[in-house]
Amino acid sequence: MTTDPRALPGADPHTGNREIDPVTGYDTTGHDWGGIKELNTPFPRIAFVALLLSFLIALTGWILLPAWPYGRDFTRGLLGLEQGEMAQRGARAMAEIRQGWLGRFEGTPDFEALAGDAGLMPQAMPAAGRLFGDNCALCHSREGGGGPGFPVLNDGHWLWGGAPEDIAETLRVGINADHPETRIAQMPAFDWMERAERIALADYVAGLPAGRADPSAPGAALFAENCAACHGESGEGGLDVGAPTLTDAAVIYGQDSATVLETITRGRAGVMPNWSDRLSAAEINLLGLYVARLSEGKGP
């Protein structure tokens with residue numbers, strides 16, 4: 001069976017003669033786009049070799065490595081490698097390496113002695129920083145600066161005490177959490193007050209951080225009657241009941257009059273989860289020391 005030359009790419013449909021490009025010497029395909037003619041060039045050999053090598057490499061990988069899923073399992077490959085087992089072995093090796101120094105945080109450690117150990121801190125604090133980043137930074141920010149609804153951790157004001165052992169205990173049991181020993185803290189709603197009284201009280205509290213609260217204003221008397229028992233006579237906070245200071249600019253929910261009025265009217269009951277279900281006792285103590293150092297300017 002012979003092919004009509006007139007049907008070949010680039011051939012003249014009447015004579016069968018193929019058009020040759022005068023510059024490259026290649027046949028043309030007969031396609032013409034506004035005077036630009038397509039050349040009938042051969043497939044580049046280097047591209048063919050690259051495709052062949054890619055196929056051979058893929059085929060080798062399919063045979064040697066885990067590759068194809070089937071049902072609930074997958075082909076293991078001749079090398080029998082499994083990333084899950086490799087990751088677990090790596091994690092166990094890392095745990096064994098750090099267990100030497102992490103063991104010093106077990107039980108009831110001497111935080112002052114640990115903080116003063118110049119050989120321990122370069123190992124412990126970077127690990128604590130990673131723990132903080134994984135578990136705490138989402139709410140309290142990477143630097144411990146807090147955010148709307150979340151306390152600042154890098155200043156000198158604390159809800160339940162800023163010593164490492166106090167912070168570790170808060171981490172262990174949480175605040176308003178589901179732990180049986182959780183710390184309980186709640187700002188009740190004062191919606192029973194007349195609105196004018198709530199506005200006067202909000203204005204007084206909003207002026208505390210800047211020191212412009214007028215002790216002769218109507219809000220001062222309302223504060224003494226309704227707020228001082230938890231927040232202190234001057235608004236400095238109460239560690240025993242988890243009442244935040246009101247004299248610091250870094251207030252959990254905001255210190256402008258409108259936000260304070262919202263807090264007074266509706267109340268607040270934030271939740272700090274307990275971390276004893278997620279972190280070991282040693283890791284909690286390590287985090288307690290790390291967070292305590294944030295307020296000393298020794299953070300990341």
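Kindly identify region 195-266 as rounded, prolate or oblate by the Cα gyration tensor criterion: order the square roots of the eigenvalues as a ≥ b ≥ c, call it rounded if a/c is under 1.5, otherwise compare a/b with b/c, prolate if a/b is larger, else oblate.
It comes out rounded by the Cα gyration axes.
For the pair residue 216 and residue 165, how long in nm is the line joining their label points, each one 7 Å along Cα→Cβ?
Between residue 216 and residue 165, the simple spin-label model gives 4.8 nm.
Stretched out fully, how many nm does the piece from residue 99 to residue 19 gain, at 0.36 nm a residue minus the Cα gap?
20.9 nm
Looking at the chain only, what percent of DSSP beta bridges run antiparallel? Nearest 5 please.
Percent antiparallel among DSSP bridges in the chain is about 90.
Arranged by the count of other C-beta atoms within 10 angstrom, fewest first, what order do 121, 86 take?
Result, fewest neighbours first: 86, 121.
Would you list 222, 78 from fewest to most Cβ contacts within 10 Å?
Ascending number of Cβ neighbours within 10 Å: 78, 222.
Helix by helix, which DSSP H runs in the chain go 15 Å or more along their axis at the Cα atoms and have an average Kyte-Doolittle hydropathy of -0.5 or more?
45-64, 121-135, 195-206, 281-294
Run a plain Debye calculation on the chain (Cα atoms as equal point scatterers, no solvent) and give log10 I(q)/I(0) at q = 0.08, 0.11 Å⁻¹, rounded to two decimals, same order as the q list.
-0.60, -0.82
How high is the relative contact order of region 125-233? Use alpha-carbon pairs under 8 Å, at least six apart in sequence, and give a whole percent.
10 percent
What does the helix-only formula give at 222 nm for the chain: each DSSP H stretch with n ≥ 4 adding -39500 (n - 2.57), the total divided by the residues, and the result rounded to the nearest 500 deg cm²/dmol?
Counting only the DSSP helices, I get -12500 deg cm²/dmol.
Treat the count of other C-beta atoms within 10 Å as a stand-in for reagent exposure and order 260, 23, 241 from fewest to most.
Fewest-to-most Cβ neighbours within 10 Å comes out as 23, 241, 260.
Rule-based calculations on the coordinates, nothing more; no lab input. None of the values given here were measured: they were computed from a predicted structure. Every residue, glycine as well, gets a Cβ built from its backbone with ideal geometry; the counts of neighbours run over all protein chains shown.
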